[in-house]
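The values are calculated or read from the model by the stated rules, or taken from the named source; none is laboratory data. This structure is a prediction, so every number in the text was calculated from the model and none was measured. Every residue, glycine among them, receives a Cβ derived from its backbone with ideal geometry; neighbour counts consider all protein chains shown.
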Amino acid sequence: MSQSLPLSEELIAEANAREAAGLEEDYAALSRRLARRGVDADAVKERVKRFTVAVPSWGAGRGGTRFAKFPLAGEPTDIHEKLEDCAVINQLGRSTPRVSTHFPWDKVSDYGALREEAESLGLGFDAINSNTFQDQPGQAHTYATGSLSSTDAKTRAQAVEHNIECIEIGRKLGSTALTVWVGDGTNFPGQQDLARSLDRYLDAAAEVYAALPGDWRMMLEHKLFEPAFYSSVISDWGSSILAAQELGDKCKCLVDLGHHAPNVNIEQIVARLHRFGKLGGFHFNDSKYGDDDLDTGSINPHQLFLVFNELVEAELNPRVGKDGGGFDPAYMIDQSHNVTDPIESMLSSAEAINGAYAKAYLVDREALHMAQEANDVMLAFRTLRIAYDADVAPLLAMARMELGGAIDPITTYRESRWRERKAQERKEVGLGAGIV
Ligand code: PSV
Ligand code: MN
């Protein structure tokens with residue numbers, strides 16, 4: 001399949017030519033600094049070049065809050081335009097070659113053609129996300145009472161059917177994972193029986209699980225609250241791992257960074273899930289108060305680094321969980337871009353994620369393990385902190401340039417005037433409340 005990328009290669013080459021000499025200098029200085037600590041910058045760069053994270057199709061448009069959505073002129077209005085924008089992100093950043101889709105939001109009539117369209121843009125498809133948290137026009141049974149855990153058998157059957165349809169669509173797109181997040185829960189004490197609602201969820205989820213192809217995985221995404229404010233059926237990693245263990249080997253847990261109570265030690269959750277072979281994937285984003293869906297690394301980059309410290313530890317020293325899981329998590333971004341151009345937010349987030357990954361590779365693991373064994377608290381802490389303090393920007397830029405991307409993706413994107421051009425071509429997005 002011949003590829004036709006959205007931005008002009010000359011534009012990127014010209015922009016890079018202006019920055020290349022400075023980058024060479026900065027990269028050489030970083031390499032020398034790292035070499036003094038026994039770290040080979042080129043080796044870390046090669047790892048960064050192989051590292052990828054998927055972008056969410058829904059993140060390509062302006063999100064919005066429960067209160068309002070402020071559309072952006074030229075934002076995409078359908079999956080085709082979203083793919084184009086995702087291709088721009090990957091062309092400039094070179095670390096986001098897959099798109100995670102959401103159904104029915106991304107529904108089309110010909111998925112084979114959509115797959116070809118994505119391939120022509122240099123993209124593939126990552127996990128499929130089902131949506132049983134919202135009613136659709138003409139839907140037979142409302143999800144107002146919940147979906148997989150609803151007290152109404154017909155509603156549960158409809159939710160199961162939708163998830164199975166998502167698997168079918170995913171097969172056509174070349175996906176191998178289904179992410180299931182349900183908004184099921186309650187707003188009042190006593191509203192539902194807390195144990196029986198989980199029973200219903202487990203029975204229905206087992207029907208979805210039974211429809212998984214052999215090489216697929218199903219990922220359960222937990223979330224503490226919202227839309228339900230008193231109880232959520234899969235509220236935390238404990239509920240998630242218990243459900244995943246009950247459902248079977250192909251069922252794993254997905255950690256969305258925004259889905260925990262404030263100050264929860266997410267890196268420890270990551271280590272626990274890996275320990276039991278249940279770490280399925282991530283939805284990266286950042287938050288200050290709750291499920292804010294802010295740009296990854298914009299609020300708490302240190303936490304992102306500590307999460308990656310666990311991930312790199314697992315990558316280098318994979319444990320095999322008792323149910324046979326190794327280490328192969330699906331990395332995805334899940335953000336709602338309310339006040340920025342989504343392309344810029346995803347470029348910036350992908351860079352934050354790559355940076356946290358690179359820094360985690362700078363950790364002197366031998367020194368860390370020895371300090372931990374010897375209970376040398378300060379040395380263990382400093383071993384992490386030295387890696388976190390390193391400025392890896394030249395390494396990331398060099399990796400991007402070598403892969404054909406832009407040294408400075410956001411500046412180059414602005415120079416391309418992509419959004420202004422699309423504002424002339426694309427239809428306007430309506431007002432109204434957005435999705436969260
Ligand atoms: C729920 O808050 C969530 O994180 C799930 O991943 C959804 O699929 C996504 O956001 C979009 O609403
Ligand atoms: Mn999510």
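Only one of the numbered conditions (1) in a helix (DSSP H, G or I); (2) more than 16 Å from ligand 2 (Cβ to nearest atom) is violated by Gly38, and that is (1). For segment 387-406, the set of residues classified as in a helix (DSSP H, G or I) and either of a type in the set (Phe, Trp, Tyr) or touching a residue at least 24 places away in the same chain (Cβ under 8 Å) (or both) consists of Ala387, Tyr388, Ala393, Pro394, Leu395, Leu396, Ala397, Met398, Ala399, Arg400, Met401, Glu402, listed by residue number. Taking (1) assigned to a helix (DSSP H, G or I); (2) surrounded by 14 or more Cβ atoms within 10 Å (Cβ to Cβ); (3) more than 14 Å from ligand 2 (Cβ to nearest atom) in turn, Ala228 satisfies each apart from (1). Contact map, segment 158-169: first residue of a type outside the set (Ser, Thr, Tyr), second residue in a helix (DSSP H, G or I), Cβ cut-off under 7 Å, separation 6 or more or different chains; pairs are Ala159/Ala204; Val160/Ala204; Val160/Glu207; Val160/Val208; Asn163/Val208; Ile164/Val208; Ile169/Tyr111. Taking each residue of segment 51-78 that is at positive phi and looking for partners that are surrounded by 22 or more Cβ atoms within 10 Å (Cβ to Cβ) with beta-carbon atoms closer than 8 Å, six or more apart or interchain, yields Gly64/Ser336. Summed over segment 190-227, residues that are under 15 Å from Thr155 (Cα atoms) and of a type in the set (S, T, N, Q) total 1. Condition first: acidic (Asp, Glu), within 15 Å of ligand 1 (Cβ to nearest atom), surrounded by fewer than 24 Cβ atoms within 10 Å (Cβ to Cβ) and free of Cβ contacts under 8 Å to residues at least 60 places away in the same chain. Can you find one or more residues in segment 265-276 that meet it? Checking segment 265-276: not a single residue is acidic (Asp, Glu), within 15 Å of ligand 1 (Cβ to nearest atom), surrounded by fewer than 24 Cβ atoms within 10 Å (Cβ to Cβ) and free of Cβ contacts under 8 Å to residues at least 60 places away in the same chain.
Out of everything in segment 122-162 that is in a strand (DSSP E or B) and away from ligand 2 (no atom under 16 Å from the Cβ), what residue ends up being nearest to the chain's Cα centre (by Cα)? Break it down stepwise before answering.
Going residue by residue through segment 122-162, those that are in a strand (DSSP E or B) are 124-130.
Of the ones still in play, those that are also away from ligand 2 (no atom under 16 Å from the Cβ) are 124-125.
Details: Gly124: 15, Phe125: 13 Å.
Applying the filter and picking the extreme gives Phe125.
Quick one: which residue in Ile343, Ile333 is buried (at least 16 other Cβ atoms within 10 Å of the Cβ) and either of a type in the set (Phe, Trp, Tyr) or within 16 Å of ligand 1 (Cβ to nearest atom) (or both)? Write out each step before concluding.
Numbers: Ile343 fails: either of a type in the set (Phe, Trp, Tyr) or within 16 Å of ligand 1 (Cβ to nearest atom) (or both).
It is Ile333.
Being assigned to a helix (DSSP H, G or I) and either within 16 Å of ligand 2 (Cβ to nearest atom) or modelled with pLDDT of 95 or more (or both) holds for only one residue in Ile269, Ile234, and it is Ile269. In segment 237-256, the qualifying residues are those that are touching a residue at least 60 places away in the same chain (Cβ under 8 Å) and part of a strand (DSSP E or B), and the one that is nearest to ligand 1 (Cβ to nearest atom) is Asp256.
Hey, any hits in segment 365-372 for a residue that's over 17 Å from Pro409 (Cβ atoms), hydrophobic (A, V, I, L, M, F, W, C) and not in a helix (DSSP H, G or I)? Don't jump to the end; show me each part of the working.
Of the residues in segment 365-372, the ones over 17 Å from Pro409 (Cβ atoms) are 365-372.
Still in the list and also hydrophobic (A, V, I, L, M, F, W, C): 367-368, 370-371.
Checking the rest, the ones that are also not in a helix (DSSP H, G or I) come to none.
No, segment 365-372 contains no residue that is over 17 Å from Pro409 (Cβ atoms), hydrophobic (A, V, I, L, M, F, W, C) and not in a helix (DSSP H, G or I).
Selection of segment 175-201 for residues being assigned to a loop (DSSP other than H, G, I, E, B) and either within 16 Å of ligand 2 (Cβ to nearest atom) or over 17 Å from Tyr143 (Cβ atoms) (or both) yields Ser175, Thr176, Trp181, Val182, Gly183, Asp184, Phe188, Pro189, Gly190, Asp193.
Any idea how many residues of segment 214-236 are away from ligand 1 (no atom under 13 Å from the Cβ), over 28 Å from Gly190 (Cβ atoms) and touching a strand residue (DSSP E or B) at 6+ places or on another chain (Cβ under 8 Å)? Before the answer, list the steps.
Kept after step one, since they are away from ligand 1 (no atom under 13 Å from the Cβ), are these residues of segment 214-236: 214-218, 229-231, 233, 236.
Now restrict to residues that are over 28 Å from Gly190 (Cβ atoms): 214-218.
Then keep just the ones that are touching a strand residue (DSSP E or B) at 6+ places or on another chain (Cβ under 8 Å); that gives 216-218.
So the answer is 3.
Residues considered: Leu178, Leu224. Of these, the only one that is in contact with a helix residue (DSSP H, G or I) (Cβ under 8 Å, 6 or more places away or on another chain), touching a residue at least 24 places away in the same chain (Cβ under 8 Å) and not basic (Lys, Arg) is Leu178. Filtering segment 277-327 to residues that are modelled with pLDDT of 95 or more, away from ligand 1 (no atom under 16 Å from the Cβ) and within 20 Å of Leu178 (Cβ to Cβ) leaves Lys278, Leu279. Looking at Arg94, Arg62, which is the one that is buried (at least 20 other Cβ atoms within 10 Å of the Cβ) and at pLDDT below 95? The match here is Arg62. For segment 61-70, the count of residues that are more than 16 Å from ligand 1 (Cβ to nearest atom), in a loop (DSSP other than H, G, I, E, B), within 20 Å of the chain's Cα centre (by Cα) and more than 23 Å from Glu425 (Cα to Cα) is zero. Working only within segment 117-135, note down all residues that are more than 14 Å from ligand 1 (Cβ to nearest atom) and of a type in the set (S, T, N, Q). Within segment 117-135, Ser120 is the sole residue that qualifies.
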